[in-house]
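Working notes, structure below.
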Amino acid sequence: MTEDQRSRKALVPEAKTSYDQALKAATGAVSGSKAVSVELKRGSGGKPEWVTEVATESGKASTVRVDAVSGKAGQPQAKKDDDDDMKKLADRLERATVTPQQAAATATARKSGTVTAVELDANDQKKEIWSVDVVTKNDWNKTTFDVDAAERKILREHVDRD
């Protein structure tokens, strides 16, 4: 087993709160916000946490850390973005008609496992995608799916075997 696989094997079972529960807590902490990303990580105190980014319609982004055991959201930390970054993020959120939950459902329909990250991004063709990481518990591999954020189609699948 690789170091990454051992790390996933140690972290994933500790998370009692799912990615979608963490997103709900994070968007609840910032009024009028939508999810931009969520990732399961080991927090500074050694506990599992979901590091989320949410943004308002104007593109004003905040980071919200959610305890992966209790599901409680911490205080939102506003990001210091310039107006161009905010506009780009607002435009990207507007074009993403597929929700992160729908993208994750599309990915887990292809490969059953635990969703450990979802992020709104753009691929090399400048198309909005949700990048979804799914960890399988039989081998602790991570598969990343790029799901079209407008059409809900899988555009790319990559298995990380390290």
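The values are calculated or read from the model by the stated rules, or taken from the named source; none is laboratory data. As the structure is a computational prediction, the values presented were derived from the model and not from experiment. So basically every Cβ, Gly included, is an ideal-geometry build from the backbone, and we count neighbours across all protein chains shown. Heavy atoms of the whole protein, side chains included, go into the accessibility calculation; ligands, DNA and RNA do not. Shrake-Rupley method; radii C 1.70, N 1.55, O 1.52, S 1.80 Å.
Some points to look at:
- Tail fraction, Cα-Cα pairs, the range 7-96, threshold 21 Å, whole percent: 31 percent
- Backbone N within the range 1-45 under 20 Å of label point (7 Å from Gln101 Cα along the Cβ vector): 16-40
- Computed from Cα atoms alone, the Kirkwood hydrodynamic radius reported for the range 27-68 is 10.6 Å.
- Exposed-loop-free span, longest in the chain, where trypsin sites (Lys or Arg not before Pro) count as exposed if DSSP calls them loop and at most 13 other C-beta atoms lie within 10 Å: 17-71
- Projecting the Cα atoms of Leu11, Thr106, Thr52 onto the charge dipole of the chain (Cβ charges, centred on the Cα centre) puts Leu11 farthest toward the positive pole.
- Theoretical gain in end-to-end length, Asp139 to Lys87 [0.36 nm per residue, Cα-Cα removed]: 14.6 nm
- Translational diffusion of the chain was estimated from the Stokes-Einstein equation, with Rh taken as the Kirkwood radius over Cα pairs; at 37 °C and 0.692 mPa s the coefficient is 206 µm²/s.
- With a Förster radius of 22 Å applied to the C-beta separation of Lys47 and Lys9, the computed FRET efficiency comes to 0.85.
- The chain - percent of accessible surface contributed by carbon and sulfur, probe 1.4 Å: 44 percent
- The convex hull around the C-alpha trace of the range 93-147, projected and averaged over every direction, spans 3.7 square nanometres.
- Here the chain is treated with +1 on each Lys and Arg Cβ and -1 on each Asp and Glu Cβ, and its dipole about the Cα centre works out to around 560 debye.
- In Å, descending, principal axis extents of the Cα set of the range 82-122: 40, 18, 13
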